[in-house]
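The values are calculated or read from the model by the stated rules, or taken from the named source; none is laboratory data. If you're wondering where the values come from, they're calculated on a predicted model, not measured in any experiment. All accessible areas refer to the heavy atoms of the entire protein, side chains included, with ligands and DNA or RNA removed. Shrake-Rupley method; radii C 1.70, N 1.55, O 1.52, S 1.80 Å.
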Amino acid sequence: SPTNAPEEDAPNRYSRTERTTYNRYSRDANSSGSSLPSNTLEKRIEELERAKRQENARLMKMAQDKEELIGKLKEEIDLLNR
């Protein structure tokens, strides 16, 4: 088929990793029937990044709270040991 012609040149122009990545993304886009518009993908990426930042902030707060609790418990243990 005519769509295979550019891929035949791929081994000469791209590294194996680049070819693998190119083939994976082109296959993913083709498997859905059509690729999503880039602005839709950008919005989805922004949503995922925002969710990731929120989750990281939540986890950092939990870790900080636990560190504070550990500090308070250590102080209490010291008082009890005296």
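Take the range 25-59 and flag every residue that is modelled with pLDDT under 60 and open to solvent by 100 Å² or more (accessible area, probe 1.4 Å). If the condition is that a residue be modelled with pLDDT under 60 and open to solvent by 100 Å² or more (accessible area, probe 1.4 Å), then TYR25, ARG27, ASN30 are the ones that fit.
Quick check: is even one residue across the range 60-78 within 19 Å of the chain's Cα centre (by Cα), modelled with pLDDT of 95 or more and open to solvent by 80 Å² or more (accessible area, probe 1.4 Å)? Yes, that holds for at least one residue.
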